[in-house]
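What follows draws every value from the coordinates through simple rules; no lab data is involved. Worth saying up front: this structure is predicted, and the values here are computed from it rather than measured. Neighbour counts run over all protein chains shown; Cβ positions are idealised from the backbone, glycine included.
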Amino acid sequence: MTDQPKINSQADALASYHVTSEQLSKCELIQNASTGKYFVLVESANEQGTIYRVEYDREKKCLRCLPHTGTPCKAQEAGNGCWHKRAAFALFRLEQRQRRQAETAAVEETAEYREEHAIVDLEWALEEARTAKHETAAVRKHGRNAYSPTEIRRDEKYGIILR
């Protein structure tokens with residue numbers, strides 16, 4: 001699934017899956033409580049009261065648009081792709097992004113995360129201080145030539161760097 005477009009907003013989802021906000025509004029993402037699997041109910045744009053169920057078929061490795069109430073999807077029956085599947089997938093990707101953002105926010109609020117983040121900040125500050133110390137020593141020793149690449153050469157016999 002590395003070929004999926006990056007979804008950062010609803011506009012990204014609409015453009016990536018070629019659906020409208022009206023089509024997206026006709027979708028409802030549902031998780032089966034017993035299996036944990038997701039499916040999407042999509043209202044028909046043309047037939048009042050008709051709802052389609054879009055779900056992933058693991059055997060065929062594709063999305064299927066099935067009748068939930070009313071008649072089957074005409075595009076699905078004809079073997080064509082339908083907007084119901086595109087809208088369902090766009091909704092799933094948006095919901096997936098929102099869940100990840102919520103999980104990230106929850107993790108970032110924990111004391112463990114703040115402590116780990118503080119440690120990383122201290123390690124960066126320590127590394128910057130070490131770098132500044134080495135730069136200061138090099139400038140004291142070599143003056144303006146401290147950063148000159150022509151002054152640095154490698155000893156051919158021992159392979160060490162010489163100035």
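Under the simplified labelling scheme, the Glu59-Gln98 pair shows an inter-label distance of 3.3 nm, with each label point 7 Å from Cα along Cα→Cβ.
With contributions of -39500 (n - 2.57) from each DSSP H run of at least four residues, the per-residue ellipticity at 222 nm computed over the chain stands at -15000 deg cm²/dmol. Between the residues Ala105, Ser148, Ala45, the greatest Cα displacement towards the positive end of the dipole of the chain, with unit charges on the Cβ of Lys, Arg, Asp and Glu, is found for Ser148. Put in order of Cβ neighbour count within 10 Å, fewest first, the listed residues Tyr56, Tyr17 become Tyr56, Tyr17. The number of Lys pairs in the chain with C-alpha atoms less than 21 Å apart, excluding pairs fewer than 8 positions apart on the same chain, is 13. Looking at the range 53-126, the GluC sites (Glu not before Pro) that sit in a DSSP loop and have at most 12 other Cβ atoms within 10 Å of their own Cβ are Glu59, Glu109. Only one residue of Ala138, Ser21, Gln76 has its Cα farthest out toward the positive end of the dipole of the chain, where Lys and Arg carry +1 and Asp and Glu -1 on Cβ, and that residue is Ala138.
Between Leu122, Leu24, Leu41, find the one with the highest GNM mean-square fluctuation for the chain; connect C-alpha pairs within less than 10 Å. Looking only at Leu122, Leu24, Leu41, the largest GNM fluctuation is found for Leu122. Dipole check for the range 1-146: with +1 at the C-beta of Lys and Arg, -1 at the C-beta of Asp and Glu, and the Cα centre as origin, the magnitude is about 560 Debye. Shown in residue order for the range 42-53 are the 3J(HN,Hα) couplings computed by the Karplus curve 6.51 cos²θ - 1.76 cosθ + 1.60 at θ = phi - 60°: 10, 6, 5, 7, 9, 10, 4, x, 8, 10, 9, 10 Hz (x for Gly and Pro). Largest GNM mean-square fluctuation among Ala90, Ala146, Ala111, using the chain with Cα springs under 10 Å: Ala146. One entry in [x] -0.35, -1.04, -1.57; [y] -0.61, -1.06, -1.33; [z] -0.54, -1.13, -1.24 is log10 I(q)/I(0) by the Debye sum over Cα atoms at q = 0.10, 0.17, 0.21 Å⁻¹ calculated from the shown coordinates; its label is [y]. Using a simple spin-label model with pseudo-atoms 7 Å out from Cα toward Cβ, Val120 and Asp12 lie 2.0 nm apart.
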